[in-house]
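Below is one structure, written out as structure tokens, with a few remarks after it.
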Amino acid sequence: MSSLSHDHQPNAKERTLVVNADSDTYQESEDLIWERFKTGNETALTYIYRTYSNTLFNYGCQFVDDRDLVRDTLQDLFIDLINSRERLGATSSIKFYLMKSFRNKLVKAIKKSQRRREVEDDSSKDSFLVTISAEARWINGQLDQRKEKLIQESLNQLPALQREALVLYFFEGLKYEQIAEMLGIKVKSSRALIYRSTESLGKILGPHKEEILTMLSLSLLANQ
Amino acid sequence: MDYRNYDIEDFLQDEFFVSWVLHPNKENDHFWNQWISTYPEKHTVVEQAKELVKSIKYQEEQRLSEAEYTQVFESVLKANRDRNNRTFIWQPKYTVRLAATIALLLVAAIVLVLNPDSSGEIQSVKMLVAKTEPGQKRTIKLSDGTTVMLNAGSSLVYPEHFTDSSRLVTLFGEAFFDVEKDPSRPFEIESNKLTTTVLGTSFNVRSYPEEATVSVAVITGRVEVKGESGSSEILLPEDMGTFDVASGAIEKSHFDETSWIGWTKGVLVFDNQTLPEIFKELENWYGVKIEVQKGMKLEGRYSGQYLNKSLEVILEGISYTSHFKYSINQKTILIYDEK
């Protein structure tokens with residue numbers, strides 16, 4: 001029956017595709033897409049823009065309440081990358097590479113615009129506000145709205161940099177090492193930032209932890 | 001790493017755990033499912049930690065509006081094209097190429113001097129036809145560097161060499177084009193009363209003669225489609241133009257990339273299609289003949305995606321959900337009733 005399978009020979013371009021036969025999907029690995037972007041390939045550029053423009057925009061808007069500034073910086077980022085493409089390094093995580101470059105650019109742009117408007121205000125207390133909203137409530141309502149609100153308030157009282165580290169870790173999915181590189185701190189410090197935040201989560205859940213766990217196990221047993 | 005003594009904070013602080021929650025894949029899924037089934041007493045604390053990770057979000061989510069998205073995208077594409085067209089820098093390899101070219105010209109001049117009769121011939125444009133039978137696919141490189149991937153049961157008519165002013169080809173069936181950029185010579189594709197004009201892009205054209213529509217799906221760049229009756233439309237990336245052959249109208253919409261471009265990567269896609277439509281696709285894709293038992297009713301619709309799967313695997317799946325039996329006899333498949 002093998003005669004039925006089509007006899008298409010992949011050309012050089014297609015050989016860069018990493019085919020995952022198990023999940024019936026196909027995807028190209030990011031380092032290859034990045035290399036193709038550096039040669040000026042439009043398909044690679046389109047992929048990168050489509051996949052990451054809104055992630056970057058959303059992240060940028062957490063710094064400053066100025067859509068136009070964030071959008072213009074995003075555009076500058078892409079154009080600068082294109083114009084300096086043969087000097088760009090290799091990367092296996094396009095997202096991290098973009099976020100890091102974008103952050104540098106945006107921080108500079110924000111400073112410049114504040115100088116121009118002669119404002120000295122440190123608006124960082126409003127940056128990187130987080131919210132807690134569980135999709136599935138814990139059994140017996142242990143992560144109920146009251147508790148969510150409590151966690152949210154305590155997280156939003158943390159310094160802005162710590163909140164940023166927190167969302168980079170829990171929402172954007174970056175690693176300790178990447179967060180350190182991005183924020184210009186030591187890996188040890190980026191771990192410390194996350195540890196401190198998770199401890200304050202633990203404190204809120206803490207007082208009833210034993211009790212919650214017992215109830216959870218009981219209700220799980222009952223459900224079986 | 002011993003996770004047995006882990007409490008909720010410890011899980012939250014563990015990169016490997018968090019990356020499983022945010023980006024599950026085969027490897028980490030395998031590990032954590034295995035781990036939880038080994039230590040079922042940790043199931044609830046894992047669930048709690050997982051839920052907590054997933055619940056943390058920005059208080060205000062912002063997205064680019066459609067206009068902002070397109071506007072930024074257009075400037076970015078333009079920058080990339082300008083960059084691609086910038087004057088080139090002399091590199092050592094060009095010296096070698098130049099020397100080779102001069103040598104070739106010298107040889108040609110000598111040949112012409114020795115055989116004066118062969119000079120002055122008028123060159124006529126030679127047309128070539130690339131054709132695929134059902135069950136075949138084929139990639140063709142045209143003289144301008146454009147690559148065309150022909151889907152099964154299709155043909156492309158093209159000149160051996162393009163002239164200085166135009167690049168015109170004719171398509172019957174379906175093909176994916178990756179057109180080499182050349183602003184001085186637009187690339188044109190004629191297909192069943194619809195002409196598609198581009199400068200340098202990649203896109204898919206589906207124009208099987210037995211189908212009532214011609215569809216053009218754009219991946220990169222800018223494409224112009226024009227009907228014989230005068231209708232026209234500009235298509236940008238993620239746009240699809242559907243041309244109704246009978247009425248001449250062009251409808252613009254978005255498209256699902258896998259459904260329309262998947263075939264270039266060996267993905268066969270059925271999107272809520274009737275069984276007769278599916279059998280037609282299968283005949284073309286595998287180069288077989290599918291015969292349906294007389295008087296048998298084919299009802300229902302079917303969706304699915306198959307990457308480089310054999311015909312049996314696909315028929316097995318469809319026959320199970322659509323309740324029919326089949327038998328394969330070399331290149332002929334007989335579909336018959338379950339009873």
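The values are calculated or read from the model by the stated rules, or taken from the named source; none is laboratory data. Source: prediction; values computed, not measured. As a convention, Cβ positions derive from the backbone with ideal geometry for all residues, glycine included, and neighbour counts pool all protein chains shown. Areas reflect the complete protein model, heavy atoms only, side chains present, ligands, DNA and RNA absent. Shrake-Rupley method; radii C 1.70, N 1.55, O 1.52, S 1.80 Å.
Before moving on, here are some points about what is shown:
- For segment A:189-196, backbone phi angles converted through the Karplus equation (6.51, -1.76, 1.60; θ = phi - 60°) give residue-by-residue couplings of 5, 5, 4, 4, 4, 5, 4, 4 Hz, Gly and Pro being listed as x.
- About its Cα centre, segment B:122-198 has a charge dipole of approximately 160 debye under the convention of +1 per Lys or Arg Cβ and -1 per Asp or Glu Cβ, with nothing else charged.
- Pairwise FRET efficiency - B:Asp144 versus B:Val96, Cβ, R0 = 22 Å, nearest 0.05: 0.40
- Working ranking of peptides B:7-14, B:137-144 by packing, defined as the average number of other Cβ atoms within 10 Å per residue, highest first, is B:7-14, B:137-144.
- Overall dimensions of segment B:249-339 by Cα: Rg and Dmax, Å: 14.2, 45
- 3J(HN,Hα) from dihedral phi, segment B:169-178, Karplus parametrisation 6.51/-1.76/1.60, rounded to Hz, x for glycine, proline: 10, 10, 10, 10, x, 10, 8, 9, 9, 10
- B:Trp260 accessible area, assembled protein chains, probe 1.4 Å, Å²: 60
- Amide H contacts of B:Gly287 (H built 1.01 Å from N, under 5 Å, at least 5 apart or other chain): B:Gly135
- Inter-label distance, nm, simple model (7 Å from Cα along the C-beta direction), B:Ser247/A:Arg116: 4.9
- Quotient of C-alpha Rg and 2.2 N^0.38 Å, computed over segment B:127-260: 0.96
- Toward the positive end of the charge dipole of chain B, with +1 on the Cβ of Lys and Arg and -1 on the Cβ of Asp and Glu, the farthest Cα among B:Val72, B:Phe255, B:Ser191 is that of B:Ser191.
- Relative to the current alpha-carbon distance between B:Lys26 and B:Ser155, full extension at 0.36 nm per residue lengthens the span by 42.4 nm.
- The amide H of B:Val292, built 1.01 Å from its N in the peptide plane, has B:Ile335 as neighbours under 5 Å, considering only residues 5 or more places off or on other chains.
- If R0 is 35 Å, the Cβ-Cβ spacing of B:Glu338 and B:Ala212 corresponds to a FRET efficiency of close to 0.60.
- Mean Kyte hydropathy of -1.0 or more with a Cα span along the axis of at least 20 Å, helices from DSSP in chain B: B:92-114
- Full-extension gain in nm, B:Asp82 to B:Asn272, via 0.36 nm per residue minus C-alpha separation: 64.2 nm
- Residues B:Glu180 and B:Ala103, FRET efficiency given R0 of 25 Å [Cβ-Cβ distance, rounded to 0.05]: 0.40
- 20 Å Cα-Cα threshold exceeded, pairs from A:Lys111/A:Lys175; B:Lys280/B:Lys331; A:Lys38/B:Lys181: A:Lys111/A:Lys175
- Along principal axes, Cα extents of chain B, largest first, whole Å: 93, 65, 42
- Computed over chain B, relative contact order equals 8 percent, with contacts defined as Cα pairs under 8 Å that lie 6+ residues apart.
- Share of pairwise Cα-Cα distances greater than 19 Å in segment B:8-55 is 15 percent (whole percent).
- Cα-centred dipole magnitude for segment B:223-320, charges only on beta-carbon of K, R (+1) and D, E (-1), debye, nearest 20: 400
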